[in-house]
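Engineer: Once you've had a glance at the structure underneath, I'll fire off some questions.
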Amino acid sequence: MKYNIVTPASDLPVSVADMKTHLRVTHSNHDNLIESYIKSAVQMIENRASLCLMPQTWKLSLTDEEVVEKIEIYKYPVLGFVNITYYDTDNASQSLTNSQDDYISFIDGRPSSLIFEDVPTTYEREDAMQITFLAGYDTIPEDLLLGVKMLVWRMYNHPDDPVNERFSFVDRIVRDYRAWQ
């Protein structure tokens, strides 16, 4: 399984202005630094918990051996499936649609799942099937937003913290959101 970002999030979950209020910063000298810290905090939280805070589009590529009856998606939360394609035994690209009852999706779970009524037989290749999906929160939970703010606050006020302390801090923030692979 290989995840690739197709369309990254276009916005930050916390604006620089909101973060400056949280930090009690009244000048604009550190705006770029604060924005960088927000991006870093979001990336740390998303990577540690396989989360997508803001809406973004991903592509999951599966080898022929990974195309099975139940495929679990370890990005959370999945908002919907955009496109599912695979290479058939003749190495020709085929598309699946849920309207044809090719698959059933369970989006609410962690991890989200696709279950195939009839598993497609695929050509032997690294990208035998590609699943394009939209992931991210419609409304980000308050505790995750606070986690982003706390992590930025820590980076801004304690830039000398060792990396292992930062990861430990992030792990405590995302513990309840992590989907294990």
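Where a number appears in this text, it was derived from the coordinates with a stated rule and is not lab data. None of the values given here were measured: they were computed from a predicted structure. All Cβ positions, even for glycine, are placed from backbone atoms using ideal geometry, and neighbour counts span all protein chains on display.
Engineer: Going by how many other beta carbons lie within 10 Å of each one, how would you line up W153, W58, fewest first?
Structural biologist: Ascending number of Cβ neighbours within 10 Å: W153, W58.
Engineer: Find the all-direction average of the projected area of the Cα convex hull for the chain, expressing the result in square nanometres with one decimal place.
Structural biologist: Orientation-averaged projected area of the Cα hull: 11.6 nm².
Engineer: Quick one: net charge around W58, please, counting Lys, Arg +1 and Asp, Glu -1 for every other residue with C-beta under 15 Å from its C-beta.
Structural biologist: Within the 15 Å Cβ shell, the charges total 0.
Engineer: Just want the ordering: V82, V16, V42, from fewest to most Cβ atoms lying within 10 Å of their own Cβ.
Structural biologist: V82, V16, V42
Engineer: Could you list I73, I5, I140 so that the one with the fewest beta carbons within 10 Å of its beta carbon is first and the one with the most is last?
Structural biologist: Arranged by neighbour count, lowest to highest, I73, I5, I140 become I5, I140, I73.
Engineer: How high is the relative contact order of region 56-135? Use alpha-carbon pairs under 8 Å, at least six apart in sequence, and give a whole percent.
Structural biologist: Numbers: 181 pairs, mean separation 41.3, N = 80.
Averaging sequence separation for qualifying contacts and normalising by length gives 52 percent for region 56-135.
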